[in-house]
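One structure is given here, and the rest of the page talks about it.
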Amino acid sequence: MRRADLAAELRRLGDVWQEVHSLTLYQRPELAATKKDVANFGAKGFASVTYENIGFAKS
């Protein structure tokens with residue numbers, strides 16, 4: 001590789017550091033308050049929410 005190619009690649013890799021402020025590196029504490037009869041809802045952490053699964057529990 002030529003030096004110019006290496007410099008261009010380093011410049012591209014340097015663009016990652018522009019986005020570091022928005023990269024999630026650890027799970028933050030999360031609290032969720034709901035009524036007793038709500039099912040499948042709470043702190044999600046890194047998980048994605050499937051809203052179809054949230055509902056009410058049978059009494």
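The table below gives the values:
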{"item": "Selection from segment 41-59 of residues that are of a type in the set (A, V, I, L, M, F, W, C) and assigned to a strand (DSSP E or B)", "result": "Phe56"}
{"item": "Test: residue in segment 7-17 that is at pLDDT below 90 and β-branched (Val, Ile, Thr)", "result": "yes"}
{"item": "Test: residue in segment 21-35 that is within 30 Å of Phe56 (Cβ to Cβ), outside any loop (DSSP other than H, G, I, E, B), modelled with pLDDT of 80 or more and under 23 Å from the mean Cα position of the chain (by Cα)", "result": "no"}
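The values are calculated or read from the model by the stated rules, or taken from the named source; none is laboratory data. Computed from a predicted structure; not experimentally measured. Cβ: placed from backbone, ideal geometry, glycine included. Neighbour counts: every protein chain shown.
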